[in-house]
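Here is the structure we will look at.
The values are calculated or read from the model by the stated rules, or taken from the named source; none is laboratory data. As the structure is a computational prediction, the values presented were derived from the model and not from experiment. For neighbour counting, all protein chains shown are included, and Cβ atoms are generated from backbone atoms with ideal geometry for every residue, glycine included. Note: areas computed on protein heavy atoms with side chains; ligands, DNA, RNA excluded. Shrake-Rupley method; radii C 1.70, N 1.55, O 1.52, S 1.80 Å.
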Amino acid sequence: LECINKTLPEVEVKMVFRQHKLQFDPPLEDIRMRHAKDFLNTFLGLPLRMKGVSDLSERPGFFQPIMDANTAGIAKVYSAAEGLFAQLSDELKKFSDWMAIGSVADLEEFVDEHLAEVADWELNFKMLKGAARDVERLPNE
């Protein structure tokens, strides 16, 4: 039961730079809702929807004890899912520094204000070259 998050189908999530910030497409909250609704609730709710083969097992809630006996396991499933979403959020944070320049409204004004000396320019060019090398190492997908 605790391994259900590993067996569910993968969901494609893209990082996009939109509205001057790095974000997920689809948004993280949409992914979280879809994961809970479409996958976890559907799978974990199976005992509530199951019907048996005898008249006694046909009545609603007959298999409820299955869920009642596994509340700790169900809690672990939801906790593990939240852990996956935390990992996803951490991935976004890794690249948010790279997008800082995109959040500047007027780039020319920013440059005039912050780069006054030749040493400022040299330092920023070195940092830019290092960032370019880091980008080349990123996987394409």
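What are the pairs, 6+ residues apart or on separate chains, where a residue within region 24-43 that is over 16 Å from VAL13 (Cβ atoms) has its Cβ under 8 Å from a residue that is among the β-branched types (Val, Ile, Thr)? Note: pairs meeting the criteria are LEU40/ILE4; LEU40/VAL77; PHE43/ILE4.
Conditions (1) open to solvent by 40 Å² or more (accessible area, probe 1.4 Å); (2) touching a strand residue (DSSP E or B) at 6+ places or on another chain (Cβ under 9 Å); (3) within 22 Å of LEU92 (Cα to Cα), marked per residue:
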| site | (1), (2), (3) |
| --- | --- |
| PRO9 | yes, no, yes |
| MET15 | yes, yes, yes |
| HIS20 | yes, no, yes |
| PRO26 | yes, yes, yes |
| ARG32 | yes, no, yes |
| ARG49 | yes, no, no |
| VAL53 | yes, no, no |
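Would you mind stating whether PHE43 is in contact with a strand residue (DSSP E or B) (Cβ under 7 Å, 6 or more places away or on another chain), of a type in the set (A, V, I, L, M, F, W, C) and outside the structural domain of LEU128 (by the TED database)? Here the answer is no, as PHE43 does not meet what is asked. Taken over region 74-101, residues that are within 30 Å of HIS20 (Cβ to Cβ) and open to solvent by 60 Å² or more (accessible area, probe 1.4 Å) amount to 10.
Per the listing VAL111, VAL104, the residue uniquely out of contact with any helix residue (DSSP H, G or I) (no Cβ under 8 Å at 6 or more places or on another chain), over 30 Å from ARG34 (Cα atoms) and open to solvent by less than 70 Å² (accessible area, probe 1.4 Å) is VAL111.
Quick check: is even one residue across region 60-73 farther than 30 Å from GLN19 by Cβ, within 28 Å of the chain's Cα centre (by Cα) and not in a helix (DSSP H, G or I)? Within region 60-73, one or more residues are farther than 30 Å from GLN19 by Cβ, within 28 Å of the chain's Cα centre (by Cα) and not in a helix (DSSP H, G or I).
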